[in-house]
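Any read-out appearing in this document is the output of simple, stated calculations on the displayed coordinates, not a laboratory observation. Bear in mind the structure is a predicted one, so any value in this text is a computation, not a measurement. Counting neighbours? That spans all protein chains shown, and the Cβs are built from the backbone with ideal geometry, glycine included.
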Amino acid sequence: MVLSASLPLLPCPPSWFPGHMNRFTKQLPALLSRTDIVLELRDSRLPLTSINHNFEGAIRKWRAERGKESNLLRTPPHSTTTSSPAGYGTCERIVVLNKRDLVPQWGMEPFQSAMAARFPDQIIHFASCNRREDIKALSNLLVSIAKRNPHATETNVLVVGMPNVGKSTLLNSLRSFGISGRTPKALQTSAQPGHTRTLSNRLKLSEDPLVYSYDTPGVMLPFLGRGDEGAERGVKLALIAGIKEGLYDVQALVAYLLYRLNTLDPVSPAYLKVLPPGTSPTNDVATFLEQLARRLGMLVRGGEYNTERASKWFVDWWRKEGSLISAAAPRALLPSIPNDNLLIRQGWGFDLEWTVENDTIPPGTESFVEQKMGECIDEYVKHTADYERLGGTISQTQIKKRTWEEKLAQRTAKSKAKFIARKR
């Protein structure tokens, strides 16, 4: 049993913000002006890290123009089933936590309740593209929203999110469900991030009422942040293949993945399935990789263990099988330990983590989990606001660029003023 897993030393996050991402970010306000529903996809394993805060300003402005309140914390919850005020079009924001089969079932309702209490203007929906009931529920939700405005000839949906959260796959599934007859796959998909680079043509998701959608490029944050904050965010996104392959040293991903799996289940972490029988959980990355390489028979010349190859295999295994194994496991029941002051870390997904005192471990009640998740969300929102206020999300390059643009604007204004003065 691992009682005190410590966060490993992580590398500085790389910058990956291709030109097509920048172009779409600039297009977003204009696209929102003809949008009725924003379908924002996030990864269920990273429900907070996969939020793209660059979208927030444009979405707040869109809601304000439609007569909706902005997204404020602690606002008393109001019904999301009412129609828009007279004179305004439909304006709904649905947050789809995709790939729900990769997180434990026991945390879904508590997380949904905690988010609803803090973000009443967002409809939270868990989904997985291989679960027909999830796609049906989401399709019915879109249709029900469209029917609230019977005078509209059509309803337009804009799908946004970070790279590799499953936007194109989800739209193909919704289209297949909502359109009668055979519907060939309309959008190409890929396991690698950045496959979708341009705004798609309109896709019909429903015939009665008419619902259309646009697929958009996945947009990464231009700068992932400084210090430990940015380093951890980058590694998390790399583990779900949200960042271009090759920008990270794979052994850094293994170190963080080992830490997280030990936190999720200190008693029987999922990686024990691929180690030799009888192996105990460990925090030591070198020991773990040697055990894994020995189990897989990965050797290099001289009989040494090929830990680099074992690292790549482990990350790939986790993406394809390990996440499913970890999600299917029941919530860990920790044995009693004769130490009243012992603090044990537990969590759900890779974003939500809390401390439990050993002598007061609850029997897994939903109210306790919801309370702890709510505390995690509150801390994340507060920390993010402080971090942005202090400029933690802006790189030195961006600061220099803004400073240069401001100077250029001042010079242009002075030149115009002198030109007008001379004409007078």
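Some notes on this structure:
- With R₀ set to 41 Å, the beta-carbon distance separating Phe368 from Ala286 gives a calculated FRET efficiency near 0.65.
- Shape category assigned to segment 192-330 from the gyration tensor of Cα positions, a/c cut at 1.5: prolate
- Set of lysines near Lys418 by C-alpha distance (under 21 Å), chain-local residues within fewer than 8 positions excluded: Lys407
- Computed from the Cβ-Cβ distance with R0 of 60 Å, the FRET efficiency linking Lys312 to Phe419 stands at 0.45.
- Beyond 28 Å in Cα-Cα separation lie the following of the pairs Lys167/Lys236; Lys136/Lys167; Lys68/Lys382; Lys26/Lys236; Lys273/Lys312; Lys167/Lys273: Lys167/Lys273.
- Pairwise label distance in nanometres, Leu324 with Asn140, each label 7 Å out on the Cα-Cβ vector: 2.7 nm
- Residues in segment 134-159 reached by a label modelled at Gln27 [backbone nitrogen below 14 Å; 7 Å Cα→Cβ]: 158-159
- Under 12 Å from the Cα of Lys99 - aspartates and glutamates, other chains or at least 8 residues apart: Asp43, Asp134
- Amide H contacts for Arg331 (H built 1.01 Å from N in the peptide plane; partners 5 or more residues away or on another chain; cut-off under 5 Å): none found.
- For Lys423, a cut-off of 23 angstrom between C-alpha atoms picks up these lysines, skipping any fewer than 8 places away in its own chain: Lys414.
- Sparse-neighbourhood loop sites, trypsin sites (Lys or Arg not before Pro) in segment 277-322 - DSSP loop, at most 11 other Cβ within 10 angstrom: Arg301
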